[in-house]
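Heads up: the structure comes next, in structure tokens.
The values are calculated or read from the model by the stated rules, or taken from the named source; none is laboratory data. For clarity, every value in this text was computed on a predicted model and none was experimentally measured. Every residue, glycine among them, receives a Cβ derived from its backbone with ideal geometry; neighbour counts consider all protein chains shown. Keep in mind that these areas ignore ligands, DNA and RNA; they rest on the heavy atoms of the full protein, side chains included. Shrake-Rupley method; radii C 1.70, N 1.55, O 1.52, S 1.80 Å.
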Amino acid sequence: MSTLDLTLLDEDGSLRSIALGDAAAFPRPTAPLRSRVVYAAVHVAAQPHGDNTPGAPADIDWDATLAFRRTMWSRGLGVADAMDTAQRNMGLDPAGTRELISRSAAAAKEALADPAIAAVFPAGAQVSDLIVAGVNTDQRSEHELSLDEIVAAYTEQLQATEATGAGAVLMASRHLARVATSAEQYVDVYRRVLDSATRPVVLHWLGTAFDPQLEGYFGSTDTEVAAETLLEIIAADPARIRGVKMSLLDDAAEIAVRERLPEGVRMLTGDDFHFSHLIVGDGTATPEGSQQQVTGEYSDALLGAFAVTAPAASAAVQALDAGDAAEARRILDAAEQLARHVFSTPTYHYKTGVAFLAWLNGHQQAFTMIGGMHAARSLPHLSRTIELAATTGNLEAPALAAERWHSLLRLAGYDVPTAGGAA
């Protein structure tokens, strides 16, 4: 085993080193993942030479952005696109969002024609099995809209997304959060939007840790009360709901909703702090022929955390497929340790960690983000990010990661060996 020295930067500005071993040997799937439905909410790679100043239109490196999505598919993971991980409402403008959905859906269609990728998805998989995309009202620049205008804006994006073949995620609308005065108004808006859907959609409940402007969504700041509104929307027509993504960072609230979902409606955890036990669930397994099918109470997943731990996420589901819940829990516990740091307060800046790790792992040319958001985390925070990625097995190319991280430290004036400290 080769060993590198990884130089780290602590909060007080002091340097220290740890030994950096080889990449974790997470297996690639050779068949579709069966036990859980998993989507990784992915970011966009900015053009290194682009105008990435705050307020500028998104300048996206499409080659790197689409290649990153193909990496997710090669691991058997679906992609959740054009959501907050992709900097929607934090740099990704409406025109960029539309182009992203269109390009990603086209890439998913091409991926299904690749025998290597088709082999790790179920037979007959559609574009919507590989990609779901956010639907919102953010193409309207006005601060306030009427309820009718909100329905029209949602419907416009829903129709455009469905036309690409992508599945739809009905995201929480800042416009609706500003103008709705009752739970009944949420129920009415969602009913009217869902009536226009031609395929089942995923509903998304995003908490204030991710977007403070969504306070009181579904008509109340009391989570239990708001959950009743969400469940009422689902119960009105469960056949139109593919699943619910909950991103409240509250595992008890997620379990309480999960227990009441109608048959056929999945809970897709968006809890980047507690996903390990939520996904594994009770871990029971029932023999079925020569296969092991994991059953019981659990959540499926739609997680930004899996954009930085995709090999681990895939390996964990493979372990569940093999009936080894303990191994799945071990892998996911380690991934969760990294995620808790990446998503630390202020949580909405987790996108910086996602892009940072994509750069370290060789998925993009530069540590650059649209809107200049690569500057949203401190060097000591990034140092802890690479340290945790290393110790939890989530550095895909340790030597490259060390080289790139050390170059960032040298740029900041720190004396770091140029050779990466090979021992």
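Observations, loosely collected:
- Meets criteria (modelled with pLDDT of 95 or more, closer than 21 Å to S407 by Cα, exposed (fewer than 14 other Cβ atoms within 10 Å of the Cβ) and among the charged types (D, E, K, R)) for D12: yes
- When N52 is tested against the conditions (1) touching a helix residue (DSSP H, G or I) at 6+ places or on another chain (Cβ under 9 Å); (2) closer than 21 Å to G362 by Cα; (3) at pLDDT 95 or above, the lone failure is (3).
- Test: residue in the range 226-238 that is in contact with a strand residue (DSSP E or B) (Cβ under 6 Å, 6 or more places away or on another chain), open to solvent by 30 Å² or more (accessible area, probe 1.4 Å) and of a type in the set (D, E, K, R): no
- Among the candidates A168, A133, A105, residue that is assigned to a helix (DSSP H, G or I) and under 23 Å from the mean Cα position of the chain (by Cα): A105
To keep it simple, each residue is scored yes or no on (1) open to solvent by less than 10 Å² (accessible area, probe 1.4 Å); (2) at pLDDT below 95; (3) assigned to a helix (DSSP H, G or I).
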site	(1), (2), (3)
A56	no, yes, no
W73	yes, no, yes
V79	yes, no, no
T85	yes, no, yes
E99	no, no, yes
K109	no, no, yes
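- On the stretch given as the range 392-414, residues that are touching a residue at least 24 places away in the same chain (Cβ under 8 Å) and either open to solvent by 60 Å² or more (accessible area, probe 1.4 Å) or not in a loop (DSSP other than H, G, I, E, B) (or both) total 12.
- Looking across the range 111-130, the residues that are part of a loop (DSSP other than H, G, I, E, B) and either on the phi > 0 side of the Ramachandran plot or crowded, with 17+ Cβ neighbours inside 10 Å (or both) come down to V120, F121, G124, A125.
- Selection status of V151, touching a Ser or Thr at 6+ places or on another chain (Cβ under 6 Å) and either of a type in the set (A, V, I, L, M, F, W, C) or within 19 Å of A31 (Cα to Cα) (or both): no
- Any chance E184 is part of a helix (DSSP H, G or I) and either surrounded by 21 or more Cβ atoms within 10 Å (Cβ to Cβ) or at negative phi (or both): yes
- Qualifying residue in the range 207-217 (condition: open to solvent by 30 Å² or more (accessible area, probe 1.4 Å), hydrophobic (A, V, I, L, M, F, W, C), assigned to a loop (DSSP other than H, G, I, E, B) and in contact (Cβ under 8 Å) with a residue 40 or more places away in the chain): yes
- Residue within the range 334-348 that is at pLDDT below 95, surrounded by fewer than 21 Cβ atoms within 10 Å (Cβ to Cβ) and either basic (K, R) or touching a Ser or Thr at 6+ places or on another chain (Cβ under 6 Å) (or both) present: no
- Sub-9 Å Cβ pairs linking a first residue in the range 237-257 that is more than 23 Å from L194 (Cβ to Cβ) to a second residue that is of a type in the set (D, E) and surrounded by 16 or more Cβ atoms within 10 Å (Cβ to Cβ), at least 6 apart or interchain, are L249/D271; L249/D272; D250/D271; D251/D271, ordered by first then second residue.
- Cβ pairs under 7 Å, 6+ apart, first in the range 80-97 and among the hydroxyl-bearing types (S, T, Y), second part of a strand (DSSP E or B): T85/A41; T97/R88
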